[in-house]
Amino acid sequence: MSNSKVVIRSVKTAAVDSVVREIMEANDYRSRIPEGSRVVIKVNLSTPFPENAASSNTSPEILDAVLGMVRERTDHIFVGESDGMRYDTETAFEVSGYYPIIEKHGAKAINFSKDEWVETGESLIKGWGLSKTLLEADVFITLPVLKTHATTVFTGSLKNQFGCYPQHNRILLHPKLDRVLVLINQLLKPKIVIMDGIIAMEGRGPINGKPRRFDVVLGSTDPVALDATAMRLVGLDPYTSGHIVLASQGGVGQIAQERIDVDGDFEALRTTFEPAEKDLPIKALAVISRSRFLTEKLILNPESFYPLRSAAMRFRDVRDFCLGLVGAKRDS
């Protein structure tokens with residue numbers, strides 16, 4: 001088996017569209033997007049709030065650049081995402097400024113949650129249908145944002161497909177999250193991945209972490225290799241992320257460093273991201289999510305969720321205050 005290739009480029013001194021074109025060219029996008037094919041592009045929309053959008057959602061510049069190149073091959077293009085737990089896709093599209101870009105390129109916006117759902121026949125996700133448009137696509141392209149993640153250590157190429165499950169309550173799949181992530185990637189088989197690391201996220205991602213200006217865009221035809229390389233680039237060990245390891249074992253792609261050829265100045269761009277701390281609220285969420293009953297009563301139910309979230313925020317404020325006092329005493 002030949003090595004996988006991951007392309008890494010900085011946008012500090014280059015335009016985003018020219019960098020994306022270089023990455024797409026390096027991944028031979030013309031052969032991967034047949035003329036006239038039906039293409040679905042999956043963006044990463046994690047928030048409907050403008051203050052969080054830049055580091056949580058796929059950059060509109062990257063979407064614009066990718067759409068421009070895909071449009072050279074076909075005019076059957078869909079840009080999609082599913083509803084979040086407490087917001088709809090249309091609001092998130094609006095917040096990130098996608099609609100004018102989609103219209104500019106003659107593409108169509110699609111909410112997977114409102115499309116017809118089709119059963120896949122896979123026992124692991126029985127009762128969890130997928131978008132018919134998504135399943136009928138000839139080419140699937142995914143545009144994740146580079147982020148650390150409180151549950152899965154890292155979220156990128158593979159984890160972005162969790163949003164392809166159209167049900168807003170897909171958190172109920174968390175007890176088997178690693179396996180359902182591998183399965184969705186086996187089903188959809190991403191042809192091209194362009195990872196947005198322009199404004200990435202470190203700490204308690206994928207929504208509440210710290211924005212990190214990284215000015216990097218990565219691309220590959222192998223989502224496992226791309227995630228593994230991105231993790232190494234920001235100082236994380238890819239073998240600590242269960243779904244990435246499982247995907248490599250399931251034949252989705254390469255995780256071993258010696259099986260990945262990196263095109264780009266890896267050493268010059270290498271840095272260290274703050275990992276997502278698994279503090280008490282995160283550990284409590286992990287316990288709750290193992291139970292369908294507790295998840296429905298405590299997380300999916302707004303009457304209980306918002307008080308619990310407020311309590312978690314107060315806990316973190318008090319903890320940080322106390323740690324600050326201890327640090328001050330030590331310094332004195």
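Each value in this text was obtained by applying a stated rule to the coordinates, not by laboratory testing. Owing to the predicted nature of the structure, the values given are computational and were not obtained by experimental measurement. With ideal geometry, Cβ positions are generated from the backbone for all residues, glycine too; neighbour counts draw on all protein chains shown.
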Net charge dipole size for the chain [Lys, Arg +1 and Asp, Glu -1 on Cβ; Debye, nearest 20]: 1020
Could you calculate the FRET efficiency of HIS168 with ARG309 from 1/(1 + (r/R0)^6), where r is the beta carbon distance between them and R0 is 25 Å, rounded to 0.05? 0.90
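What does the charge count around ILE255 come to, taking other residues whose C-beta lies under 13 Å from its C-beta (Lys +1, Arg +1, Asp -1, Glu -1)? Let's see the in-between values first.
On the way: positive: ARG232, ARG259; negative: ASP222, ASP227, ASP237, GLU258.
Here the charged neighbours net out to -2.
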Listed by chain and number, the residues whose amide H is under 5 Å from that of VAL145, excluding neighbours fewer than 5 places away on the same chain and using placed H, are ASP196
Among GLN161, GLN254, GLN186, which one shows the highest mean-square fluctuation when the chain is modelled as a Gaussian network with alpha-carbon springs under 10 Å? GLN186
Please list, in order along the range 65-70, the HN-Hα scalar couplings obtained from phi with the Karplus expression 6.51 cos²θ - 1.76 cosθ + 1.60 (θ = phi - 60°), rounded to whole Hz, x for Gly and Pro. 5, 5, 4, x, 7, 5
Measure up LYS5/LYS189; LYS12/LYS104; LYS132/LYS189 against 22 Å on the Cα-Cα distance and list the ones that go over. LYS12/LYS104
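Of LYS147/LYS278; LYS42/LYS278; LYS126/LYS283; LYS210/LYS329, which ones are farther than 18 Å apart at the Cα? Show your work: numbers first, answer last.
Numbers: LYS147/LYS278 15 Å; LYS42/LYS278 28 Å; LYS126/LYS283 28 Å; LYS210/LYS329 27 Å.
Violating the 18 Å limit, Cα to Cα: LYS42/LYS278; LYS126/LYS283; LYS210/LYS329.
By its C-alpha gyration tensor, with a ≥ b ≥ c as the square roots of the eigenvalues, how is the range 125-206 shaped: rounded for a/c under 1.5, else prolate for a/b larger than b/c, else oblate?
On the way: a/c = 2.22, a/b = 1.24, b/c = 1.80.
Oblate is the answer for the range 125-206, as a/c is 1.5 or above yet b/c matches or exceeds a/b.
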In terms of modelled amide H atoms, which long-range or inter-chain residues lie less than 5 Å from the amide H of PHE214? ILE199, ALA200
Return the single residue from PHE93, PHE266, PHE305 with maximal mean-square fluctuation; model: Gaussian network over the chain, springs between Cα atoms under 10 Å. PHE305
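To the nearest 500 deg cm²/dmol, what mean residue ellipticity at 222 nm is calculated for the chain from DSSP H runs of n ≥ 4 alone, each contributing -39,500 (n - 2.57), summed and divided by the residues?
Working: 13 runs with 126 residues, N = 332.
Here the helix-only value at 222 nm equals -11000 deg cm²/dmol.
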